[in-house]
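Participant: First the structure, then my questions, so here it is.
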There are 2 protein chains.
Amino acid sequence: MSLVSKKRVIVADTIIDAPGDDRLEQIFFHAARLFVEKGVGNVSMTDIAKAVGITKAGIYYFVESKEDLLYTLMRWGMDVLERDVVEPAQQVADPALRLETIIRNHLLNIGRVQGPFGNPITILVDEPGQLGPERQADIDARKRAYFRFVRNTLAVLQREGKLADVDLNVATFSLIGMIVWMARWRRPGGAVELDQIVDQITRIALGGVLKH
Amino acid sequence: MSLVSKKRVIVADTIIDAPGDDRLEQIFFHAARLFVEKGVGNVSMTDIAKAVGITKAGIYYFVESKEDLLYTLMRWGMDVLERDVVEPAQQVADPALRLETIIRNHLLNIGRVQGPFGNPITILVDEPGQLGPERQADIDARKRAYFRFVRNTLAVLQREGKLADVDLNVATFSLIGMIVWMARWRRPGGAVELDQIVDQITRIALGGVLKH
């Protein structure tokens, strides 16, 4: 069965929202899901091809090796994060609204992809030690750039007297931690809808770092 | 060189606070550090023996296999969490103080162990898919019991009108996410001391979930 043109697929008894119709995105999603479920070392390119419903040659049309696939899907995760979160937030001048935009859009970005263990793309991007040093350094640099973007927003709020009495680095890490953790706990068919979860976490996050 | 009787050891150019003098704890720490650095599948029992400074037979004296070692160190992580966090917090009757005790002690529990990628024990306990189903179910049940303990504390605060307008499950996940994320970002020799980080995250966490 080809899963390539289907947005909702059933794997075991779990509903999965695959990220899109694009074949490469389907490969990223199923590879990430298998990597998180079994550990990267225990997954073969054949396993991934079978999960996507294409031939092994079909996968090698897109990527050269398993490490190449892991690196490519991590970069894709960062591309989508920048498109969904950084670019829209840069258009927002007011720093409190910008912070809210970052938090909401990051949560929605994570919520777009839903596997049996949450969002496996987000989980993998935060997994240290799976890539060679140069490729890991590239991903780390992009994660640091995102960290600085969030931190700079908090710094503006601090200058304007709107931030609680918190260290900028600790506050930035705490916000990001709270946000990306949703990738690990949200389950398909959970009791609370994504929009409500986003509202709730946004309120908790802003309540934690803004002066009141 | 045996590292067994030393609390502070140098691995590469990074200072690591190993969790204690006990040989089994040293095995847990170095195994977890290697598992996180290289991925579980890429680490052999020989690598772990070398890192601890004992023979391979010395490791097999304590555990039967690599999966057994991973499971044993995850259970140890949960034992220490219950000892450091749940038991002291159960002695605190006031729910706001109990919540503060949970947050502070959980952060201090994570801060006790410090490797080059943060606290590798905490990171591994939250790694899905590395154990067989029965063992994973055992760890998951213990994590759920901890979740319920935190959630019950928030539920008491809600009944007393002291909780912000937040869903109990979302708030509990958000608090735990913010706390355990420290295991991934705190680095040896970072600019902010552990006590200060604990103060800051505690303030952010309470500000996020308590009514103000």
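Participant: Tell me the relative contact order for chain B as a rounded percent, counting alpha carbon contacts under 8 Å between residues six or more apart.
Facilitator: Details: 241 pairs, mean separation 47.4, N = 212.
Here the relative contact order equals 22 percent.
Participant: Residue by residue through region B:130-145, what is 3J(HN,Hα) from phi via Karplus (6.51 cos²θ - 1.76 cosθ + 1.60, θ = phi - 60°)? Round to whole Hz and write x for glycine and proline.
Facilitator: Values per residue, Gly and Pro as x: 9, 10, x, x, 5, 5, 4, 5, 5, 5, 4, 5, 5, 5, 5, 5 Hz.
Participant: A follow-up question, please. Net charge within 15 Å of A:GLY161 by Cβ-Cβ distance, Lys/Arg positive one each and Asp/Glu negative one each, not counting A:GLY161 itself?
Facilitator: On the way: positive: A:ARG159, A:LYS162, A:LYS211; negative: A:ASP94, A:GLU160, A:ASP165.
Result for the local shell: 0.
Participant: Name the chain A residue nearest the rotation axis between A and B, going by Cβ position, and give the distance in whole Å.
Facilitator: So the closest residue, with its distance, comes out as A:GLY41, 1.
Participant: Under the classification rounded if a/c is under 1.5, otherwise prolate if a/b is larger than b/c and oblate if not, where does region B:134-212 fall, given a ≥ b ≥ c as square roots of the Cα gyration tensor eigenvalues? Write down the numbers at each step before the final one.
Facilitator: Values: a/c = 2.93, a/b = 1.11, b/c = 2.64.
Here region B:134-212 falls in the oblate category.
Participant: Which angle from 0 to 90°, rounded to the nearest 10, does the C-alpha axis of helix A:66-81 make with the longest principal axis of chain A?
Facilitator: It works out to around 40 degrees.
Participant: Something else: As a quick test, which of the pairs A:LYS162/B:LYS211; B:LYS66/B:LYS143; A:LYS143/B:LYS50; A:LYS50/B:LYS50; A:LYS143/B:LYS66 have an alpha carbon distance above 30 angstrom in this structure? Let's see the in-between values first.
Facilitator: Numbers: A:LYS162/B:LYS211 18 Å; B:LYS66/B:LYS143 22 Å; A:LYS143/B:LYS50 33 Å; A:LYS50/B:LYS50 38 Å; A:LYS143/B:LYS66 32 Å.
A:LYS143/B:LYS50; A:LYS50/B:LYS50; A:LYS143/B:LYS66, as the Cα separations exceed 30 Å there.
Participant: Quick one: which residues, 5 or more positions from A:LEU210 or on another chain, have an amide H under 5 Å from its amide H? H modelled 1.01 Å from N in the peptide plane, none for Pro or chain starts.
Facilitator: Counting only residues 5 or more places away or on other chains, the set is A:ALA164.
Participant: Defining the label point at 7 Å along Cα→Cβ, can you sort the distances from A:GLN136 to the same site in each other copy, shortest first, in nm?
Facilitator: 2.5
Participant: List the trypsin sites (Lys or Arg not before Pro) within region B:179-212 that DSSP assigns to loop and that have no more than 13 neighbouring Cβ atoms inside 10 Å. Walk me through the numbers on the way to the answer.
Facilitator: Values: sites: B:ARG184, B:ARG186, B:ARG203, B:LYS211; in loops: B:ARG186, B:LYS211.
Filter output for region B:179-212: B:LYS211.
Participant: With a ≥ b ≥ c taken as the square roots of the eigenvalues of the C-alpha gyration tensor of region B:8-209, please select rounded if a/c is under 1.5 and otherwise prolate if a/b is larger than b/c or oblate if it is not? If you can, show how the numbers build up before the last one.
Facilitator: Working: a/c = 2.39, a/b = 1.70, b/c = 1.41.
Because a/c hits 1.5 or more and a/b exceeds b/c, region B:8-209 counts as prolate.
Participant: Oh, and also: Mind jotting down the distance between the C-alpha centroids of region B:77-124 and region A:148-212, whole Å?
Facilitator: After rounding, the separation between the Cα centres reads 22 Å.
Participant: Need one value for B:195-207: mean number of C-beta atoms belonging to other chains within 10 Å of its residues' C-beta atoms. If you can, show how the numbers build up before the last one.
Facilitator: Working: counts 0, 2, 5, 1, 3, 9, 8, 0, 8, 14, 4, 2, 11.
Taking all residues of B:195-207 together, the mean is 5.
Participant: Shifting gears a bit: Provide A:VAL150, B:VAL92 in ascending order of the number of other Cβ atoms located within 10 Å of each residue's Cβ, fewest first. Present the calculation step by step, with values, prior to reporting the outcome.
Facilitator: Numbers: A:VAL150 24, B:VAL92 15.
Ordered from fewest to most neighbouring Cβ atoms within 10 Å, A:VAL150, B:VAL92 come out as B:VAL92, A:VAL150.
Participant: Let me ask another. Test of understanding: ordering B:ILE123, B:ILE179 by Cβ neighbours within 10 Å, fewest first, what list do you get?
Facilitator: Details: B:ILE123 23, B:ILE179 28.
Placing the least packed residue first, the sequence is B:ILE123, B:ILE179.
Participant: Does region A:99-157 come out rounded, prolate or oblate by the C-alpha gyration tensor, with a ≥ b ≥ c the root eigenvalues, rounded set by a/c under 1.5 and, if not, prolate when a/b is larger than b/c and oblate if not?
Facilitator: Values: a/c = 3.64, a/b = 1.16, b/c = 3.13.
Judged from the Cα gyration tensor, region A:99-157 comes out oblate (a/c at least 1.5, b/c at or above a/b).
Participant: Also, quick follow-up: Within 10 Å of each Cβ of A:178-189, how many other protein chain Cβ atoms are there on average?
Facilitator: On the way: counts 11, 4, 3, 10, 4, 1, 7, 9, 2, 0, 0, 0.
Per residue, the average neighbour count from other chains is 4.
Participant: Given label points at 7 Å from Cα along Cα→Cβ, what nm distances, shortest first, separate A:ASN42 from the same residue in every other copy?
Facilitator: Output for A:ASN42: 1.8 nm, nearest copy listed first.
Participant: Measuring from a point 7 Å out along Cα→Cβ, what nm distances, shortest first, does A:GLY161 have to its partners in the other copies?
Facilitator: Label-point distances to the other copies, shortest first: 3.2 nm.
Participant: How would you rank B:SER174, B:SER44, going from fewest to most other Cβ atoms within 10 Å of each one's own Cβ? Display every interim value, and only then the final one.
Facilitator: Details: B:SER174 28, B:SER44 12.
Listing B:SER174, B:SER44 from fewest to most nearby Cβ atoms yields B:SER44, B:SER174.
Participant: Looking only at other chains, what is the average number of their beta-carbon atoms within 10 angstrom of each beta-carbon in A:122-130? Display every interim value, and only then the final one.
Facilitator: Numbers: counts 0, 3, 0, 0, 4, 6, 10, 12, 4.
Mean shielding count: 4.
Only the coordinates and a few stated rules stand behind these numbers; no lab work does. From a predicted model like this one, the values you see are computed outputs, not experimental measurements. FYI the Cβ positions are ideal-geometry reconstructions off the backbone, even for glycines, and counts take in every protein chain you see.
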